[in-house]
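Only one structure is covered here, and it is reproduced in the block below.
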Amino acid sequence: NVIETIPDIVFALHTQGNLVKWNRRLGDVTGYSPEELLNKPALAFVPLEEQTRTAAAIQRVFTEGYAELDGQMLTKDLRTIPYHWTGAALKDPQGQIIGITGVGRDVSEKKRAKSLLEATTESIEEGLLVIDRQGNVTNMNQRFLELWRIPQGLADRRQDKALLDFVLEQLQDPETFLTKVRELYDHPEQESVDVLLFKDGRMFERYSRPHLLAGEIVGRVWSFLDITDRKRIEEALRVSEERFALAVEG
């Protein structure tokens with residue numbers, strides 16, 4: 001009963017990769033009748049250009065026991081819907097693999113949210129960086145690269161420690177920077193605003209907030225605004241006011 005009512009697709013394939021069991025959701029999404037679904041090849045549910053990648057994922061389940069795949073679900077009327085698939089080896093009581101059981105999740109909203117975020121981040125003055133709960137960089141805008149003076153080649157190596165090292169090397173106090181980051185990941189619901197000081201005299205206002213998707217915290221969004229000129233003007237004004245006060249007192 002639970003499997004029949006959940007919004008995800010649940011399925012089972014035999015060793016030739018054909019459909020043998022499924023929940024009602026698969027028919028609702030694809031438009032196929034139960035008679036049409038029985039023994040339908042798994043590759044019939046994906047566009048032609050994704051079939052090689054999908055076949056490789058199915059093979060990984062048989063050889064490694066598990067696989068995940070982001071791709072497109074192809075419906076009976078030839079529409080495509082973004083789906084995330086997970087598959088695990090299905091075994092008999094003797095431990096022999098007799099097929100695959102898996103789950104498919106509609107990620108249309110997630111894709112739309114990501115596209116909207118990417119479009120928005122390119123149109124603002126702040127440098128934006130999005131990091132997931134595991135600490136992996138999932139998005140950054142061009143302004144972020146410009147502010148931190150990150151070469152494009154290094155920006156492409158998002159999971160490489162070299163990118164973090166490059167960022168830390170520019171700061172006056174990198175340890176405080178990292179301590180604040182760890183603190184916010186320990187308390188993901190918090191927001192934070194502080195100022196970063198660079199070795200070359202630049203100053204950034206750093207703002208961090210939770211990254212929400214469908215009401216769930218999936219990481220953090222960091223924004224960086226160059227306030228160097230503003231701070232210099234404020235300091236010059238402060239010095240000028242002090243001199244004026246001294247002159248009046250004299």
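The values are calculated or read from the model by the stated rules, or taken from the named source; none is laboratory data. Treat the numbers as computed from the prediction; the structure is a model and nothing was measured. Cβ: placed from backbone, ideal geometry, glycine included. Neighbour counts: every protein chain shown. Keep in mind that these areas ignore ligands, DNA and RNA; they rest on the heavy atoms of the full protein, side chains included. Shrake-Rupley method; radii C 1.70, N 1.55, O 1.52, S 1.80 Å.
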Looking at residue 31 and the list (1) touching a residue at least 40 places away in the same chain (Cβ under 8 Å); (2) out of contact with any helix residue (DSSP H, G or I) (no Cβ under 6 Å at 6 or more places or on another chain); (3) at negative phi, which single condition is not satisfied? (3)
Considering only residues that are open to solvent by 30 Å² or more (accessible area, probe 1.4 Å) and either more than 18 Å from residue 185 (Cβ to Cβ) or of a type outside the set (S, T, N, Q) (or both), which ones fall in segment 133-144? 133, 135, 142, 143
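Count, please, the residues in segment 199-224 that happen to be part of a strand (DSSP E or B) and surrounded by 15 or more Cβ atoms within 10 Å (Cβ to Cβ).
Counting residues in segment 199-224 that are part of a strand (DSSP E or B) and surrounded by 15 or more Cβ atoms within 10 Å (Cβ to Cβ) gives 16.
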Taking the stated definitions as given, is residue 53 crowded, with 18+ Cβ neighbours inside 10 Å and out of contact with any helix residue (DSSP H, G or I) (no Cβ under 7 Å at 6 or more places or on another chain)? no
Restricting segment 83-103 to residues that are closer than 11 Å to residue 12 by Cα and in contact with an Asp or Glu (Cβ under 7 Å, 6 or more places away or on another chain), the residue that is surrounded by the most Cβ atoms within 10 Å (Cβ to Cβ): 103
Can you tell me which residue within segment 56-65, out of those that are open to solvent by 60 Å² or more (accessible area, probe 1.4 Å) and not basic (Lys, Arg), is farthest from residue 91 (Cα to Cα)? 59
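Working only within segment 88-116, note down all residues that are part of a strand (DSSP E or B) and touching a residue at least 60 places away in the same chain (Cβ under 8 Å).
Going through segment 88-116, the residues part of a strand (DSSP E or B) turn out to be 88-91, 97-106.
Within segment 88-116, 90, 97, 98, 99, 100, 101, 102, 103, 104, 105, 106 qualify.
Given 43, 13, 38, which one is free of Cβ contacts under 8 Å to residues at least 40 places away in the same chain and surrounded by 14 or more Cβ atoms within 10 Å (Cβ to Cβ)? Steps first, please.
On the way: 13 fails: free of Cβ contacts under 8 Å to residues at least 40 places away in the same chain; 38 fails: surrounded by 14 or more Cβ atoms within 10 Å (Cβ to Cβ).
Within the list 43, 13, 38, the selection yields 43.
Step by step: first the residues of segment 50-62, then only those that are touching a strand residue (DSSP E or B) at 6+ places or on another chain (Cβ under 9 Å) and not small (Gly, Ala, Ser), then the one that is nearest to residue 18 (Cα to Cα). Which residue is that? Even if it seems obvious, please write down each step before you answer.
So the first thing to find is which residues in segment 50-62 are touching a strand residue (DSSP E or B) at 6+ places or on another chain (Cβ under 9 Å), and the list is 50, 53-54, 56-62.
Going one step further and asking which of them are not small (Gly, Ala, Ser), we end up with 50, 53-54, 58-62.
On the way: 50: 17, 53: 17, 54: 13, 58: 11, 59: 13, 60: 16, 61: 14, 62: 14 Å.
This residue is 58.
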Hey, can you tell me all the residues within segment 16-35 that are surrounded by 14 or more Cβ atoms within 10 Å (Cβ to Cβ) and farther than 26 Å from residue 109 by Cα? 17, 18, 19, 20, 21
Go through segment 145-163 and report how many residues are open to solvent by 80 Å² or more (accessible area, probe 1.4 Å), within 16 Å of residue 204 (Cβ to Cβ) and not in a loop (DSSP other than H, G, I, E, B). 1
Output for Cβ contacts, cut-off 6 Å, separation at least six or different chains, first residue within 16 Å of residue 212 (Cα to Cα) and surrounded by 13 or more Cβ atoms within 10 Å (Cβ to Cβ) in segment 181-195, second at pLDDT below 90 and β-branched (Val, Ile, Thr), reads 188/217
